[in-house]
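Since the structure comes first, as structure tokens, the remarks are kept for the end.
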Amino acid sequence: MAETGRGAYGGRSRRRHPGRHVAGPHGGSRQGGCRERGQGRGEPLMRKSLIFFLKIGILVAAAVWLAQRPGRVTIEWLEHVVEMPVGIGAILVLLAAWIAASIARLWRILRNGPGAFGRSRNARRREGGFRALAQGWVAASAGDADIATKSAKAAEKLLREPSLTLPLSARAAELRGDAVASASAYKAMLSKPATELAARRALLTQAMERGDRPAALDHARRALELRPKADWPAKALAELEAGGGNWLEADAALVKAQKVKALPKDDAGHRRAALLIEEARKAMATGRPDQALQSAQAAFDLDPARVPAATLLARLLAKAGKHAKAVKVLEQAWRQSPHPDLAKVWGEASADQNPLTLVKRYEALVALKPGQADAHFALAEAAINAKLWGVARSHLDKVRELAPTTRAYRRLADVARAEKGEGPEVQAFLNQAMSAPADPRWRCTSCGTSHSDWHAVCDECGAVDAITWPKVGKA
Ligand SMILES: [Zn+2]
């Protein structure tokens with residue numbers, strides 16, 4: 001009943017709309033009826049009483065008139081004989097008719113009464129149920145598991161409509177940490193079209209949390225069928241396929257999502273590039289160089305600022321003898337995001353591997369975008385290979401100025417050793433290398449693990465496209 005709900009969950013205001021909730025033949029509750037008669041109906045009421053008194057007057061006048069007329073009424077029933085004046089007889093007849101009419105009215109009230117009462121009770125139940133439901137969701141959004149659970153139970157009892165109350169019951173169970181109850185409520189929601197998608201999403205999250213990949217895949221695929229225009233099923237499906245190393249399947253899910261505009265073009269492109277780099281690596285490892293080049297090119301086209309796409313594509317192009325094209329790719333990427341990996345491949349992509357030629361190549365890289373520590377460091381390394389100690393020193397000093405991390409001091413120690421052999425200068429540089437900040441490395445933003453190379457999936461925590469290059473130093 002409504003009162004139960006109000007009592008238990010502290011609802012104070014209780015709005016009623018007379019005549020809307022209570023659908024009975026007698027014009028609703030007493031409260032509603034009084035208001036109708038009391039307000040706005042003053043004039044008809046007065047007219048009614050006037051008519052009533054007029055009727056009484058006419059009746060009395062008729063009775064007096066009849067009583068004054070000569071004649072009597074005789075009623076004979078079995079051995080009883082009753083005699084009376086005509087006027088009294090007429091009044092008795094009228095009285096009998098009034099009693100009969102009153103009995104008929106009472107009968108009608110008794111016959112229709114229970115139905116109307118039941119209907120009004122149902123309306124109160126539903127009202128209480130909806131109030132409990134609303135209070136339950138407010139409590140759930142505030143993280144109050146206790147009130148959410150109580151409200152869910154009250155709403156279930158009052159409304160008896162699982163499609164309305166199951167989501168709250170499931171959420172309340174989640175809040176109080178009852179995994180079994182929440183899973184069972186979500187599973188019950190699967191059978192109702194109105195609640196299936198919400199249940200799939202919650203069950204997908206639960207499956208991913210406990211590492212049940214087949215179940216998670218099943219929920220993601222079904223959710224995508226149900227609502228192709230929602231972004232989360234496509235994202236989840238792509239991540240799950242990527243987690244299993246199914247790069248092309250993952251890519252297909254994103255392409256589909258982009259086609260129906262479930263994902264913005266840039267977002268889809270960024271995610272797809274990561275998958276295509278891995279697909280290219282896989283193709284390379286399995287002896288399919290054409291497929292590898294195609295996937296790497298697609299990844300680079302989708303996200304030219306992504307370093308692993310550019311390095312992979314440049315390497316594949318150089319391997320195929322297309323050195324000029326490889327250099328173009330690296331230049332484009334370098335302008336957007338200079339990176340030690342790009343600098344490394346810059347040398348590899350050169351057709352001429354002569355040490356002096358490589359020094360010249362790196363001088364071109366330094367000139368391409370001034371003030372980049374990675375370019376100076378790569379040039380210093382090329383100079384060390386070419387035994388140009390002075391050039392190496394001057395560029396390592398530049399690195400020390402721009403990004404004074406361990407690598408600059410280690411290489412300076414190498415140069416000092418090569419020039420003068422082991423000595424106090426070498427030791428001084430090695431000491432500085434020990435106390436200098438560590439060189440940046442690829443790092444997973446999800447679990448914090450550092451990686452020597454970029455991967456689409458972190459092998460430590462399984463996060464997809466979470467490995468990034470940290471911004472350090474002045475470069
Ligand atoms: Zn990780």
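The values are calculated or read from the model by the stated rules, or taken from the named source; none is laboratory data. Nothing here was measured: the structure is a model prediction, and the numbers come from that model. As a convention, Cβ positions derive from the backbone with ideal geometry for all residues, glycine included, and neighbour counts pool all protein chains shown.
Numbers below:
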read-out	value
For P338: the one exception among (1) without any contact (Cβ under 8 Å) to a residue 60 or more places away in the chain; (2) of a type outside the set (A, V, I, L, M); (3) not in a helix (DSSP H, G or I)	(1)
Entirely in the range 129-212, the helices (runs of 4 or more DSSP H) that have 3 or more residues that are more than 19 Å from the chain's Cα centre (by Cα)	145-159, 162-175, 179-189
Pick from the range 404-428, criterion crowded, with 16+ Cβ neighbours inside 10 Å and over 19 Å from A378 (Cα atoms), ranking: nearest to the ligand (Cβ to nearest atom)	V426
Single match in A253, A215 (criterion: at negative phi, surrounded by fewer than 23 Cβ atoms within 10 Å (Cβ to Cβ) and either part of a helix (DSSP H, G or I) or small (G, A, S) (or both))	A215
Meets criteria (exposed (fewer than 10 other Cβ atoms within 10 Å of the Cβ) and among the charged types (D, E, K, R)) for E83	no
For W454: the one exception among (1) under 30 Å from W247 (Cβ atoms); (2) of a type outside the set (D, E, K, R); (3) surrounded by fewer than 17 Cβ atoms within 10 Å (Cβ to Cβ)	(3)
Residue in the range 436-447 that is in a helix (DSSP H, G or I) and over 25 Å from T311 (Cα atoms) present	no
Conditions (1) without any contact (Cβ under 8 Å) to a residue 40 or more places away in the chain; (2) surrounded by 15 or more Cβ atoms within 10 Å (Cβ to Cβ); number of the one not met by D352	(2)
Cβ pairs under 7 Å, 6+ apart, first in the range 58-76 and on the phi > 0 side of the Ramachandran plot, second surrounded by 10 or more Cβ atoms within 10 Å (Cβ to Cβ) and modelled with pLDDT of 70 or more	G71/V86
Qualifying residues in the range 430-475 (those that are within 12 Å of the ligand (Cβ to nearest atom) and in contact (Cβ under 8 Å) with a residue 60 or more places away in the chain) - the one farthest from A274 (Cα to Cα)	G462
Residue check for P370: over 22 Å from A324 (Cβ atoms) and free of Cβ contacts under 8 Å to residues at least 60 places away in the same chain	yes
Cβ pairs under 8 Å, 6+ apart, first in the range 127-150 and outside the structural domain of P167 (by TED's automatic domain parsing), second surrounded by fewer than 22 Cβ atoms within 10 Å (Cβ to Cβ) and in a helix (DSSP H, G or I)	none
Test: residue in the range 312-324 that is closer than 21 Å to A242 by Cα and in contact with a helix residue (DSSP H, G or I) (Cβ under 9 Å, 6 or more places away or on another chain)	yes
Residue identified as assigned to a helix (DSSP H, G or I), surrounded by fewer than 12 Cβ atoms within 10 Å (Cβ to Cβ) and at pLDDT below 95 among R121, R126, R105	R105
Filter result for the condition that a residue is outside any strand (DSSP E or B) and either touching a Cys at 6+ places or on another chain (Cβ under 6 Å) or within 30 Å of A154 (Cα to Cα) (or both), over G87, G57, G115	G115
Scope the range 329-357; condition in contact with a Leu (Cβ under 9 Å, 6 or more places away or on another chain) and farther than 21 Å from A274 by Cα; matching residues	W346, G347, A349, S350, D352, P355, L356
Single unsatisfied condition, L379 versus (1) of a type in the set (A, V, I, L, M, F, W, C); (2) in contact with a Ser or Thr (Cβ under 8 Å, 6 or more places away or on another chain); (3) surrounded by 19 or more Cβ atoms within 10 Å (Cβ to Cβ)	(2)
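Each row is one residue, and each column tells you yes or no for (1) surrounded by 17 or more Cβ atoms within 10 Å (Cβ to Cβ); (2) modelled with pLDDT under 90; (3) in contact with a Pro (Cβ under 8 Å, 6 or more places away or on another chain).
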{"site": "W137", "(1), (2), (3)": "yes, no, no"}
{"site": "A142", "(1), (2), (3)": "no, no, no"}
{"site": "A183", "(1), (2), (3)": "yes, no, no"}
{"site": "A188", "(1), (2), (3)": "no, no, yes"}
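Yes/no per residue for (1) closer than 22 Å to A456 by Cα; (2) of a type outside the set (A, V, I, L, M); (3) more than 43 Å from the chain's Cα centre (by Cα):
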position: D303; (1), (2), (3): yes, yes, no
position: T311; (1), (2), (3): yes, yes, no
position: A314; (1), (2), (3): yes, no, no
position: L317; (1), (2), (3): yes, no, no
position: S337; (1), (2), (3): yes, yes, no
position: P340; (1), (2), (3): yes, yes, no
position: S350; (1), (2), (3): no, yes, yes
position: V366; (1), (2), (3): no, no, yes
